[in-house]
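What follows is a short report on a single structure.
The values are calculated or read from the model by the stated rules, or taken from the named source; none is laboratory data. Since the structure is predicted, the reported quantities are computational estimates derived from the model, not experimental observations. Here the Cβ positions follow ideal geometry from the backbone for every residue, glycine too, while neighbour counts run over all protein chains shown.
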Amino acid sequence: MVTKVDTNNYSAVLQKAVEVIKIGGIVACPTETFYCLAARYDSAAAIERIRSLKNRPSEKSFPLIIGSMEQLFLLTQHMPSEAKALAAKYWPGPLTILFNALSGLHDAIVQEGKVAVRMAGKSFAFDLSAASGLPITATSANISEMPAAQTAEEVESYFSGRLDMIVDQGAAPGGFPSTIVTITDGSIKVLRHGAVKIAQ
């Protein structure tokens, strides 16, 4: 189901997307970079469905978007001072930080004991996480190894009716994907160079 969104119906479409997320559905919507496939972080069925749809290898975990700092502590117990400084400077925005994952999180969002999180920049995806009160998956809306979708039409071409909702807000900004960093013993290491430039 493709739903066009504009300033007149934004609140209604957002509420519908929240309902889909809360019952364990999958919503494709724009982030501050590309379109993503969003599902609630704690729905094993939805996450496995996304993995199957994307043909994503099982060893690759899914990054997450949060809509508030409170949501971070659904995913991790501790925020190092270096992460606090990065978040203060770059969140909301396209910077993904790896944190030590809480026990009990689904394997698909944890890799080597870490969970990848960003507070997305101004976007439907940020509003969806904030309005639902839940971290959501932020994996790009594409088949693995294919280009990330920048429009709802590209999302539909990849998944042809197999998603619960596609939010069409026109073309996402595109550009570089989010920068990914990890922090070990007080040292910041860039794992993927992207939209945010981090001095190491």
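When region 47-62 is filtered for residues that are in contact (Cβ under 8 Å) with a residue 40 or more places away in the chain and either in contact with a Phe, Trp or Tyr (Cβ under 8 Å, 6 or more places away or on another chain) or closer than 14 Å to Ala141 by Cα (or both), the ones remaining, listed by number, are Ile47, Ile50, Arg51, Leu53, Lys54, Asn55, Arg56, Phe62. Just to be sure, is Thr31 buried (at least 22 other Cβ atoms within 10 Å of the Cβ), on the phi < 0 side of the Ramachandran plot and among the hydroxyl-bearing types (Ser, Thr, Tyr)? So Thr31 passes the test.
For the residues Ile183, Ile109, the requirement of being in contact with a Ser or Thr (Cβ under 6 Å, 6 or more places away or on another chain), under 28 Å from Glu59 (Cβ atoms) and crowded, with 18+ Cβ neighbours inside 10 Å singles out Ile109.
Where strands (runs of 3 or more DSSP E) fall wholly inside region 43-133, the ranges with 2 or more residues that are at pLDDT 95 or above and over 14 Å from the mean Cα position of the chain (by Cα) are 95-100. Among all positions in region 140-148, there is no residue which is within 16 Å of the chain's Cα centre (by Cα) and under 18 Å from Tyr90 (Cβ atoms).
Any idea which residue in region 134-155 is nearest to Lys60 (Cα to Cα), counting only those that are of a type in the set (A, V, I, L, M, F, W, C) and part of a helix (DSSP H, G or I)? The residue in question is Val155. The listed residues are Lys122, Lys89, and the only one of them that is closer than 18 Å to Ile183 by Cβ and basic (Lys, Arg) turns out to be Lys89. Taken over region 108-150, residues that are β-branched (Val, Ile, Thr) and more than 18 Å from Tyr35 (Cα to Cα) amount to 3.
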